[in-house]
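Q: Next up is a structure, given as structure tokens.
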Number of protein chains: 2
Amino acid sequence: MSAHDDENKVPAALFKVPQPTIERLSAYLQCVRTLRDEGGETASSAEIAKRTGINAAQLRKDLSYFGEFGKPGLGYDLRALEAHLSRIMGLDVERDVLLVGAGNLGRALSSYAGFGRRGFRIVAAFDIDTEKVGAAMGAVPVYDLTQLSRVNAEMKTEVGVVAVPAGAAQGAVEALVAAGVRAILNFAPVSIKAPSGVTVRNVDLTSQMEILSYYLRSK
Amino acid sequence: MSAHDDENKVPAALFKVPQPTIERLSAYLQCVRTLRDEGGETASSAEIAKRTGINAAQLRKDLSYFGEFGKPGLGYDLRALEAHLSRIMGLDVERDVLLVGAGNLGRALSSYAGFGRRGFRIVAAFDIDTEKVGAAMGAVPVYDLTQLSRVNAEMKTEVGVVAVPAGAAQGAVEALVAAGVRAILNFAPVSIKAPSGVTVRNVDLTSQMEILSYYLRSK
């Protein structure tokens, strides 16, 4: 497909976009959804800036990585901006997800409504605990961790979630990578390593708690 | 205590500091801990900027809200910077935390190692499910949600965590606020309202997944 097949196409050279830009795009998208939920149809970059705490010049610069969008002075059409941002983030397709860890956190994640609503579907879980293996969590089958590569040879899922204790996290990541997973969300409170070409996001639940702590201190 | 009692004292007028600054301070603190874990003793603002993706001028400006810190040209002493940031964030005290929701996510959070390591201790949990009430989760007692105000009249805990389904989140927040809680971490995938004077942080597990999605799209 040539670059001219679709005028809304996202440019191919995405790997040049800095990671903080991607994180801000996610914040803009969240903001646009909230504005639309509130019944909004258009918004200026200043309004989005105020909501997200990211300044308007930065917003325009971040969007400019992906070609022109919006007309100066008219504000953004929120429906079009949501579609544009969703396409940039690759959210215009459904994605299957593998879960390692069928403990309390794994169970919570397998039924987390937020994932399904955004097109992420946990299709299989893996654990080393033989008491958990074989007993499905809701609609999600639980396999022995040693079966990960075999199961994913058919599924060809590229996204994995790690929900195991800190000491088991590195092993879980290695098992996912060996099975062909290229993007991993890690909930274990430990830094993990992955080979180049594999993206890992560490979800640090404590950092949000620390930000809360600031507001207690300052009152 | 006057402003001169302690030269490291954080200025009182903290309410003027913008929220994005507080979020960046959390990122700097995380970065400093990682550098120290790797054996580092000092770092330039340029190094911290490179790691966090936040530019060095912004780092210096953010720190400047809290008085002078560091000497130009010498880089930061990482131990001192960690202590300074921890004090700013109010992390130099231990904090008790109330948990609403004793389901899978609540159970996972009550044993999440990351919280304890940073001085946050879940001391009591609350649920509406009579089968969960009375059965402790590890060392954490589980009370009926209707007992929240009574229990906290003694505990006087100011921090709460909401780990209930979306439909029950607003009610959980109201129960916490009525019991005197002023800072709430919300894990339910829904936006909740709190009166002014109460800080709510929404933990959106999906936004991290969406950022991962970008990296799959762009490969």
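Q: Using the Karplus equation 6.51 cos²θ - 1.76 cosθ + 1.60 (θ = phi - 60°), what ³J(HN,Hα) coupling, rounded to whole Hz, does each residue of region A:142-156 give in order, writing x for Gly and Pro?
A: 10, 9, 5, 4, 5, 8, 4, 5, 5, 5, 7, 4, 8, 6, 6
Q: Here's another thing I want to ask about it. Which residue fluctuates most in the GNM of chain B (Cα springs below 10 Å): B:SER196, B:SER110, B:SER86?
A: For chain B, modelled as a Gaussian network with Cα springs under 10 Å, the answer is B:SER196.
Q: Can you give me the C-alpha center-to-center distance between region A:171-219 and region B:144-219, rounded to a whole angstrom?
A: Their Cα centres are 20 Å away from one another.
Q: Say R0 is 30 Å: what FRET efficiency, to the nearest 0.05, do B:ASP129 and B:LEU216 get from their beta-carbon distance? Could the numbers behind the result be given before it?
A: On the way: r = 38 Å, r/R0 = 1.26.
For B:ASP129 and B:LEU216, the calculated efficiency is 0.20.
Q: Where the centre of each part is set by its Cα atoms, how far does region B:52-88 sit from region A:79-130, in angstrom?
A: Between the Cα centre of region B:52-88 and that of region A:79-130, the gap is 37 Å.
Q: Which whole-number percent is the relative contact order of region B:95-206 (Cα, under 8 Å, 6+ apart)? The partial results should precede the final answer.
A: Working: 212 pairs, mean separation 26.8, N = 112.
Over region B:95-206, the number comes to 24 percent.
Q: For region A:177-210, which trypsin sites (Lys or Arg not before Pro) are both in a DSSP coil and crowded by at most 16 other Cβ atoms within 10 Å?
A: Values: sites: A:ARG182, A:LYS193, A:ARG201; in loops: A:ARG182, A:LYS193.
Passing both the DSSP loop test and the Cβ count: A:LYS193.
Q: Taking one equal scatterer on every alpha-carbon of the protein assembly as shown, how large is log10 of I(q)/I(0) by Debye at q = 0.11 1/Å?
A: -0.96
Q: If the label for B:THR130 sits 7 angstrom from Cα along the Cα-to-Cβ line, what are its distances to the same label in every other copy, in nm to one decimal, shortest first?
A: Sorted ascending, the copy-to-copy spacings read 3.9 nm.
Q: One decimal, nm, shortest first: give the distances between the label point of B:LYS193 and those of the same position in the other copies, each label point 7 Å from Cα along Cα→Cβ.
A: List, nearest first: 5.1 nm.
Q: Also, I was wondering about something else. How tilted is helix B:166-178 with respect to the longest principal axis of chain B? Cα atoms for both, answer in degrees (0 to 90, nearest 10).
A: 80 degrees
Q: Same structure, new question: What list of ³J(HN,Hα) values in whole Hz, one per residue of region B:20-30 in order, does the Karplus curve 6.51 cos²θ - 1.76 cosθ + 1.60 (θ = phi - 60°) give from phi, with Gly and Pro shown as x?
A: Values, residue by residue: x, 4, 5, 5, 5, 4, 4, 5, 4, 4, 4 Hz.
Q: With a cut-off of 8 Å between alpha carbons and a minimum separation of six or more residues, what is the relative contact order of chain B in percent?
A: Numbers: 284 pairs, mean separation 28.2, N = 219.
Averaging sequence separation for qualifying contacts and normalising by length gives 13 percent for chain B.
Q: Among the listed pairs A:LYS16/B:LYS61; A:LYS156/B:LYS50; A:LYS61/B:LYS50; A:LYS193/B:LYS16, which are separated by more than 29 Å between their Cα atoms? Please list the in-between numbers first.
A: Details: A:LYS16/B:LYS61 27 Å; A:LYS156/B:LYS50 35 Å; A:LYS61/B:LYS50 19 Å; A:LYS193/B:LYS16 39 Å.
With Cα atoms farther than 29 Å apart: A:LYS156/B:LYS50; A:LYS193/B:LYS16.
Q: Taking amide H positions as placed in the peptide plane 1.01 Å from N, state which residues far from A:ASN202 in sequence (5 or more) or on other chains have amide H under 5 Å from it.
A: Sorted by chain and number, the residues that satisfy this are A:ASN186.
Q: Ok, one more. Would you please name the trypsin sites (Lys or Arg not before Pro) within region B:131-164 that are DSSP coil residues with at most 16 other C-beta atoms within 10 Å of their C-beta? Kindly include the intermediate steps, with their values, before the conclusion.
A: On the way: sites: B:LYS132, B:ARG150, B:LYS156; in loops: B:LYS132, B:LYS156.
Passing both the DSSP loop test and the Cβ count: B:LYS156.
Q: Restricting to DSSP H runs of at least four residues, report the calculated mean residue ellipticity at 222 nm for chain B, -39500 (n - 2.57) per run over all residues, nearest 500 deg cm²/dmol. Walk me through the numbers before you get to the answer.
A: Numbers: 9 runs with 93 residues, N = 219.
Helices in chain B give a 222 nm mean residue ellipticity of -12500 deg cm²/dmol.
Q: Under the convention of a label 7 Å out along Cα→Cβ, give the distances in nm from B:ALA153 to the same position in every other copy, shortest first.
A: 6.5
Q: Next question. Could you check the simple spin-label distance between B:ALA56 and A:ALA56, using points 7 Å along Cα→Cβ, in nm with one decimal?
A: 3.1 nm
Q: Right, here's the next one. So what J values fall out for region B:42-54 if you push phi through Karplus, 6.51 cos²θ - 1.76 cosθ + 1.60 with θ = phi - 60°, rounded to Hz, Gly and Pro as x?
A: Residue by residue, region B:42-54 yields 9, 8, 7, 4, 5, 5, 5, 4, 4, 5, 8, x, 10 Hz.
Q: Once both axes come from the Cα atoms, what is the angle between helix B:78-88 and the longest principal axis of chain B, in degrees from 0 to 90, rounded to 10?
A: 50 degrees
Only the coordinates and a few stated rules stand behind these numbers; no lab work does. Remember, it's a predicted structure, so these values are computed and weren't measured experimentally. Neighbour counts run over all protein chains shown; Cβ positions are idealised from the backbone, glycine included.
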